[in-house]
Amino acid sequence: MNEHDLERELSRPGPDLVEEAAGWSGDVVVLGAGGKTGAGIATMARRALDAAGHESSRVLAVSRWSDSAGRERLKENGVETVRADLSDPAAVDTLPDAARVIHLVGAKFGTAHAPELAWMTNTVLPAHVARRYPAARIVALSTGNVYGMTSPVGGGSLETDPPRPEGDYAVTCHGREQVFTHAARQRGTPVALIRLNYACEPRYGVLADLARTLLAGAPVDLSPGAVNVVWQRYANEVVLRSAGHATGEDPFTLNLTGPETANVGVLARGLAQRLGLEAEFTGESPSTALLSNAARCHKLFGYPDLTLEQLLDRQAEWLLGGGKLWDKPTLFERRDGRF
């Protein structure tokens with residue numbers, strides 16, 4: 001699989017999404033579309049609308065667009081692009097109208113050294129968006145980091161568990177949720193909050209991070225203990241389908257990840273075997289880890305279309321076939337909330 005084929009697969013809408021898209025009205029705006037997942041989500045929305053016969057509905061991808069090549073690829077796929085600095089309230093006010101808004105904007109990496117960036121991007125900026133789109137169905141991407149650590153034997157945090165965020169990143173992500181919750185309760189804005197734990201594709205994610213460590217001949221750190229991972233294509237589709245579940249008053253809240261609790265050491269050994277390498281380790285597995293229970297997600301949207309073993313196979317095949325990794329580590333090893 002080459003990069004073009006991979007991106008086509010990551011943006012492939014499943015039949016359930018196409019069926020739902022037949023009932024959509026109005027345009028779709030994807031905010032923060034220049035990030036890691038934005039292109040896949042925007043293109044998937046476009047392909048779903050086309051397959052459903054809604055060619056006249058627009059999909060608009062909004063970003064500063066420092067990546068001109070990524071912007072051109074979206075245009076080639078029928079996605080309209082809008083250049084805007086979303087930290088500027090005046091720029092947000094000029095954004096196109098939309099019936100569905102996918103909010104992917106967030107600050108994580110580097111926020112330990114510049115916490116003001118996290119507070120501005122993750123809490124102030126969403127207030128501008130909520131004010132601009134009071135009647136749109138807003139899907140806001142969040143993170144399982146808002147829960148804090150839990151015991152692996154407990155099956156992971158549930159949506160009903162009280163958040164216990166640690167560090168500026170997790171605290172401000174919870175703040176973003178609260179800002180959109182305020183919009184839902186004060187204006188009746190339909191909101192869906194998606195707490196994602198570690199979406200993976202061959203160029204990026206926990207498995208790519210582990211593979212990078214193995215290929216460098218470095219020991220794998222066992223201190224994260226266990227993780228949840230999920231196939232990026234499935235995550236893209238769940239984000240788009242969640243707009244149909246968005247509610248006012250009390251937002252629809254969803255854990256989005258895979259069904260397995262995956263031990264980091266087991267993952268590393270599995271990857272090493274597939275890559276023909278020997279895994280070495282450092283540290284010890286702790287009694288807690290950052291884990292979420294996604295049973296509600298799987299009940300509503302089905303299980304991910306790639307299992308954990310298939311994700312490991314695909315990661316190894318990508319690297320053995322000469323595929324490149326993005327230089328964007330997830331820092332999943334961090335337990336102190338400092339990114």
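The values are calculated or read from the model by the stated rules, or taken from the named source; none is laboratory data. Every value quoted in this text rests on a predicted model; they were computed, and no experiment measured them. Quick reminder, even Gly has a Cβ in these numbers, built from the backbone with ideal geometry, and neighbours come from all protein chains shown. Ligands, DNA and RNA are stripped out before the accessible areas are found, and what is left, the full protein with its side chains, is counted by its heavy atoms. Shrake-Rupley method; radii C 1.70, N 1.55, O 1.52, S 1.80 Å.
Things worth noting here:
- By the rule of a C-alpha distance below 19 Å, with chain neighbours fewer than 8 residues away ignored, the lysines paired with K108 are K36, K328.
- Taking amide H positions as modeled 1.01 Å from N, with prolines and chain starts lacking one, the residues under 5 Å from D221 and 5 or more places away or on another chain are T282.
- Close amide-amide hydrogen proximity is noted between L158 and N293, each under 5 Å apart and 5 or more residues distant or on a separate chain (H modeled in the peptide plane; Pro and chain starts excluded).
- Candidate values [x] 15.7; [y] 18.9; [z] 21.0 were compared with mean projected area of the Cα convex hull in nm² computed on the shown model; the agreeing label is [x].
- Two-site FRET efficiency, D327 against R296, from Cβ-Cβ distance with R₀ of 45 Å, rounded to 0.05: 0.85
- Counted over the chain, the DSSP beta bridges are approximately 15% antiparallel.
- Residue of E80, E237, E116 that the Gaussian network model of the chain assigns the largest fluctuation, springs spanning Cα pairs under 10 Å: E116
- Charge dipole (debye, nearest 20) of the chain; +1 at Cβ of Lys and Arg, -1 at Cβ of Asp and Glu: 480
- Convex hull volume of the Cα atoms of region 169-218, normalised per residue: 85 Å³.
- Computed from phi, the 3J(HN,Hα) profile of region 244-250 under the Karplus parametrisation 6.51, -1.76, 1.60 (θ = phi - 60°) reads x, 9, 4, 9, x, 6, 10 Hz, with x in place of Gly and Pro.
- Whole-number accessible area per residue in Å² for region 276-339, which is evaluated in the context of all protein chains at 1.4 Å: 59
- Protein accessible area in the chain, 1.4 Å probe - carbon and sulfur %: 50
- Computed over the chain: relative contact order in percent, which uses C-alpha pairs under 8 Å that are six or more apart: 18
- Region 10-28 versus region 79-100: alpha-carbon centroid distance in Å: 22
- Summary of the geometry: region 171-226 and region 264-338, compared by the centres of their Cα atoms, lie 13 Å apart.
- The 3J(HN,Hα) values that the Karplus relation (6.51, -1.76, 1.60; θ = phi - 60°) gives for region 148-162 are, in residue order, x, 7, 8, 6, x, 6, x, x, x, 5, 9, 4, 7, 6, x Hz. Gly and Pro appear as x.
- Length added when fully stretched, D313-S56, from 0.36 nm per residue minus Cα-Cα: 88.6 nm
- Amide proton proximity set for T81, modelled H, under 5 Å, gap of 5+: A61
- For the chain, adding -39500 (n - 2.57) for each run of n ≥ 4 DSSP H residues and dividing by the number of residues yields -11500 deg cm²/dmol at 222 nm.
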